[in-house]
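Reviewing the structure listed below.
FYI, it's all coordinate maths here, none of it is from the lab. Remember, predicted model here, so these are calculated numbers, not experimental data. Virtual Cβ from ideal backbone geometry, glycine too; neighbours counted across all protein chains shown.
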Amino acid sequence: MTNYLFIESRDPFESRDTRFVEQTATALRQRGNEVTVFLLQNGVLAVRQNGSDSTLKRLAQVGVKILADEFSLLERGIQSSELGEGIQQSAIESLVDLLVQENTKAIWH
């Protein structure tokens, strides 16, 4: 089985191109692959529970693991208590660990 790691740095409220990650990650997960989306920089702006974009909620519902960079959250004033369901705060070191796992393909978006 292949592990897929999507690294999303774009703000979904500014860029409609972030739908690519949702569609591709969902399709890969439905084919039985392990899929993780790591949000950093402006990608973390959609993590709030009351965010108007439900992309992350839909990803979590199909079994995609969603991690949000703690430093990016801190820079944008987002508390861990504000994270939506299925989203975990994570250190950048976790991203490095994910990148070096065997059978992992990474896509920076």
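Summary table below
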quantity	calculated
Extension reserve of the W108-E75 stretch, reckoned as 0.36 nm per residue once the Cα distance is removed	9.8 nm
Signed unit charges on C-beta, dipole axis of the chain, positive-most listed residue F38, P12, L74	P12
Contact order relative to length of the range 23-92, as percent, for alpha carbon pairs under 8 angstrom and 6 or more apart	36 percent
Stretch in the chain that is longest and holds no GluC sites (Glu not before Pro) that DSSP places in a loop and that have at most 16 other beta carbons within 10 Å	15-84
Distance (nanometres) between label positions extended 7 Å along Cα→Cβ at V96 and K57	3.6 nm
Contour minus Cα-Cα distance for Q49 and T24 (0.36 nm per residue)	6.7 nm
Correct choice for Rg and Dmax of the Cα atoms in Å that was computed from the model, options (i) 15.5, 56; (ii) 12.7, 37; (iii) 17.7, 57	(ii)
Cleavage-rule hits, trypsin sites (Lys or Arg not before Pro), the range 1-90, DSSP coil, Cβ neighbours within 10 Å at most 14	R31, R76
